[in-house]
Structure formats: C-alpha cells, structure tokens
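Notes follow once the structure below has been shown.
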Amino acid sequence: MSGTYLGMPSFPTAAAASTRDMRLRGNLRHATHTIRAKREQAVAELGDWQELRAAGAALKERTLRHLDHYLEQLEAAVTAAGGHVHWAQDAAEANRIVTDLVLRTGESEVVKVKSMATQEIGLNDALARAGISAHETDLAELIVQLGDDLPSHILVPAIHRNRDEIRDIFRSRMGSRGRPAPKNLSDDPRELAEAARLHLREKFLNAKVGVSGANFMVAETGTLVVVESEGNGRMCLTLPETLISVVGIEKVVPTWQDLEVFLQTLPRSSTAERMNPYTSTWTGTTDEDGPSDFHLVLLDNGRTDALADTVGRQALRCIRCSACLNVCPVYERAGGHAYGSAYPGPIGAILTPQLRGVGSELDASLPYASSLCGACYEVCPVAIDIPEVLVHLRERVVEGGTVSVRGRRTTIKPAKGHAAERAAMRAARWTFEHPRALRAGMRMASHARRLTPRRLPLPGAGRAWSDSRDLPRPAPESFRDWWRRTRGPGAGSAEVRERGERRDGGAR
C-alpha cells in the first residue's frame, strides 16, 4: 500500500473490497469488541461520568468560541518560556516549516511520537523528499511503517494486523531501518515487544531531533501535554536536542484546571485505563533539562473553516480517544483504510469532509459512511453529536451552499451523482407541505400493498440496498385513517367497526 491516502477511491468502493477480507474482519471484530468491553467497565467505575462528559463538552465549546484569544495567550506563554511559535495555514506550509527546521540542525534523521496531525499533513513523506528519515517509535506505528502500510485506527494504528503478520514484518523489514529482529523471533507478544524495544533504543540514543504532536496545550502557561502508554513518547520528548511539535489549533485548553476533566475521560475512553501510564508535560526550554530548542507549529489546515460552521464545529471538540470507532458497526466491517484519511471511523466521517471539503468523490462519500445508529454519540466523552453532523454534511453534499473555504465565504455546487436524491427530497417536501396529497398517497400505497415488489428493479443504490433486504410492505391503512376509525367521530358505530375488522382481516 502507498504511504499516502491521496488518490484512494470513494468509501463505498473501498469498503466493498475490505468487507470481503475475512482476516481483516476477524482482526477488527476481536480488537474492537475487546476494547469496547474494557471501556464499559472503566467508565462504569465513575458515578459522575455523564457530568464529566458534559463538563468536557462545555469546556471545549467555550474554548472554540474564544479560540483566537486563547491561541494568542498560548503563543505569548510559549515564547516567554523560551519556545518558538510558527503558524501554518495548511499542510504544505506546516511541512515546509518542519523540514526547514530539521535541515537547519544538519541532521538527516528524526524520531517521532505518535501524532495524528503529522499523519494528516503527510509529514513523513515530505521529510523523505528532503532526504530526512522519520522513525516512528510508537509500537503500532512502527509496525505500520515497516510494513509500508497506513494506520487504520486512531488509537491502535495496526489493529488490522495480527501477531503472525507482525512477526513476519519484523523479520523481513526491521533490518532495513536499523537493528534487525532476532532470526528466531516468534509471535509471542513479549518477544515482539522486546524486538521493537531493542530496535528503537538505538534510535532514541542517537537522535538529535524529535517530532511530536500534543493531546492538549495549556494557554495560561504555554505547556504541552502528551499522554501515551509505552514510554516511547517520553524518550522522544526528553532526549533530543531539538523538539518540534505540530499541533492542531483546536487542542488548546484555557487552564491547567481544565486538564482535570480530560485526564479522567480520555484514558477511560481510549485504553480503558483509570489514568495514562505516561503523561508528559513540557513548557518551553530549561537549561540542562530536555531539549534546548523547542518549536511549536500551530496547524490550521481547514480547522478555521470547520469553526465557521455552527453545526459542524463540534467535531473540533474531539480528543482522539477512538471510542466511536470501537462501537461503530460500519468501521468494524469496513476497516479504517476505507475512509481514505488519517481519521477513520465516525469522527473521520465528519472531520475529514470539513478539513478537506466535499469536492472529491471520496470526501463527498464519507458523510454516508454511517448507519446513523447513534452509538458513536452515546460513547463520545465530549458529547459530539456525530449523527447530527453527518446529516448536516449530507445536505451540503446534495444541495451545495455557502461554506467557509480558507477563511472566505464561498458557494459550492452540489456534488455529482445526487440529482435523483435531490429530486426525491424535493418531492417529499412538497408532499408533506400538502396534507391532501400526503393523505391520497398513503391511501394509494395501502390499496396497492399487494403489488409492492420485494426488490427494487431499477439499477443503482436502491437496487443494491434491496439485494440484502426486503422492501417493507405498506400498512393496510394509514395512521390518519386508523385514528379516524378508532378515535374520530362515529368511531364506535357498527359500520365503522365492521369496516375495520375487514381491513384487519385482509392484513392477515
């Protein structure tokens, strides 16, 4: 697989292939069900979970409303602590900034903390084009990188791989990027982890430049926070002489006290732990303690446009816990690669089309990559109403309209291939606005119920939908007629009762 998501097909096309991969589906089913069960137990331990959830949503919402203020406060605090702040409007600018900073050090290798933002902008490929090797140090990210693969999960990027596959990847590819795996390496998790530890230890001890993201940025002190489970992040954050952190502008929180909420909800929602094994914080630079040169790259890349959407902006609350992926029936069957983005699953289906727009076939298909069951909303620790945003984005795809693009209000055209849907929705709207037409249509459907086919004969999405399910037969009478017969004037007369009995008998 290519190291980039660019050029990937639309979600339905990609999902049609991935759902036929039985090994992939087995790996996903086992992993997501395990994580889901553990998370339920961890969350149940807190009697005030719903209050924490509401508090997290309110904190994020308040911060987004005043984002300009908190970002300026953050910049001032980071600078006062000895750091350097860079602003990147898009992926190209962020990649250029980071590449120039690395080249300035004279180094040709960097070690990386797991970072969704750097995946989003394709930083590794940009560094490679400049002759710089980026070494992923998160175990799952290492597996993905050695396998020339792409991450398929926010929390567990190699969730689509099993132990046999990981062993084979380590045996065949680890030596090409450093210390090779033992020749007799088995698929025992302890042996796999030890092989990765020995391989990465050389990288940690020799690296002069580290690259990271951040889970949170504290505006009042200029502090950055990374939470992780392996300790590799702490090695990258403390050993190199230069540290470059690429962070989305939405990751800022106003105060240290605000972290109290998120450091309770994030570990329980992601790894089902009461607290993260490693929580690393750093503020600027300190003599003889950690990196002597710190750079913070604040990434927009469509976030300001999402912020301008009063419905869609709630996607920016996301704290990247991945709980929505683990409960989503669509993700469980299709896998993360089908979403064609660094952000798979339900959150990716609403975040990616806002960051990248809906101009491509892939991005226009993502709002439809959901059954709208609502399970994602129920588990989200910051109460993002993902189904609401999905429906909102579907309207944008079908109808077009005015949106923000690179900070400017722009009118976009409807996506191709939705003319029939637009016509059907407009016809439905007209019908619901005219009660007599609605009543006549319902009666006609009731009378013709015996003629209703079990499959849609027309080609396209409708036929594909009915290939795996029967069309529901219309009721023998509409609700309006039932109400008039049972509750309306003369409902108790013998004639009306007889007419209803004949109709009920016909239904049987």
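Each peptide in 70-80, 350-360, 443-453, 310-320 was scored by the mean count of other Cβ atoms within 10 Å over its residues; highest first, the order is 350-360, 310-320, 70-80, 443-453.
Which percent of the accessible heavy-atom area of region 108-201 goes to carbon and sulfur, probe 1.4 angstrom? Show your work: numbers first, answer last.
Details: 1790 of 3860 Å².
Looking at region 108-201 in its full context, I get 46 percent from C and S.
Only Lys, Arg, Asp and Glu carry charge here, each on its Cβ (+1 for the first two, -1 for the last two); on that basis region 125-253 has a dipole of about 440 debye about its Cα centre.
Only DSSP H runs of four or more residues enter the estimate; each adds -39500 (n - 2.57), and after division by the residues of the chain the mean residue ellipticity at 222 nm equals -15500 deg cm²/dmol. A protection proxy built from the mean count of other Cβ atoms within 10 Å ranks the segments 128-135, 16-23, 369-376, 431-438, most packed first, as 369-376, 128-135, 16-23, 431-438.
Peptides 94-102, 270-278, 221-229 ranked from most to least packed give 221-229, 94-102, 270-278, packing being the mean of other C-beta atoms within 10 angstrom over each peptide's residues. Helix 22-44 axis versus longest C-alpha principal axis of the chain: approximately 90°, rounded to the nearest ten.
Would you work out the relative contact order for the chain, in percent, from Cα pairs under 8 angstrom that are 6 or more residues apart? Here the relative contact order equals 18 percent. Rounded to the nearest 20 debye, the dipole size of the chain about its Cα centre is 3300 debye, using +1 on the Cβ of Lys and Arg and -1 on the Cβ of Asp and Glu.
Each of Pro344, Trp256, Gly213 was scored by the projection of its Cα onto the charge dipole of the chain, and the greatest displacement toward the positive side belongs to Pro344; charges sit on the C-beta of Lys, Arg, Asp and Glu.
Between the alpha-carbon centres of region 357-419 and region 25-39 there is a gap of 27 Å. For region 158-202 and region 284-338, what is the separation of their C-alpha centers, rounded to whole Å? What the calculation gives is 28 Å, centre to centre. Computed on region 249-346, with alpha-carbon pairs under 8 angstrom and 6+ residues apart, the relative contact order is 24 percent. Think of region 2-143 as having a plus end and a minus end, set by charges on the Cβ of Lys, Arg, Asp and Glu; of His84, Leu71, Ala37, Ala37 sits farthest toward the positive end of this dipole.
Between Val311 and Asp188, the distance separating the two model label sites (each 7 Å from Cα on the Cα→Cβ line) works out to 5.6 nm. By the Cβ-Cβ criterion of under 4.7 Å, the unpaired cysteines of the chain are Cys236, Cys318, Cys321, Cys328, Cys373, Cys380.
For the Cα atoms of the chain, what angle does the longest principal axis make with the long axis of helix 435-447, in degrees from 0 to 90, nearest 10? Once rounded, the angle reads 80 degrees. Per residue, the chain exposes 49 Å² of solvent-accessible protein surface, assessed with a 1.4 angstrom probe and all protein chains in place.
The angle between the Cα long axis of helix 345-356 and the longest principal axis of the Cα atoms of the chain comes to about 80 degrees, rounded to the nearest 10.
Residues whose amide H falls under 5 Å from that of Asp385, counting only those 5 or more places apart or on a different chain, are absent, with hydrogens built in the peptide plane. Near the amide H of Cys373, within less than 5 Å, lie no amide hydrogens of residues on another chain or at least 5 residues away, with H placed in the peptide plane. About its Cα centre, region 1-51 has a charge dipole of approximately 440 debye under the convention of +1 per Lys or Arg Cβ and -1 per Asp or Glu Cβ, with nothing else charged.
Taking the chain as the region of interest, the number of lysine pairs whose Cα atoms are within less than 22 Å, with members eight or more places apart or on different chains, is 8. Cα gyration tensor of region 217-265, axes a ≥ b ≥ c as square roots of the eigenvalues: rounded (a/c below 1.5), prolate (a/b > b/c) or oblate? Because a/c hits 1.5 or more and a/b fails to exceed b/c, region 217-265 counts as oblate. Less than 5 angstrom separates the built amide H of Val297 from those of His86, Ser245, Val246, Val247, all sequence-distant by 5 or more or on a different chain.
The values are calculated or read from the model by the stated rules, or taken from the named source; none is laboratory data. The structure presented is a predicted model; accordingly, all values stated were derived computationally and were not measured. We place every Cβ from the backbone using ideal geometry, glycine too, and count neighbours over all the protein chains shown. We work out accessible area using only protein heavy atoms, side chains counted, and drop any ligands, DNA or RNA first. Shrake-Rupley method; radii C 1.70, N 1.55, O 1.52, S 1.80 Å.
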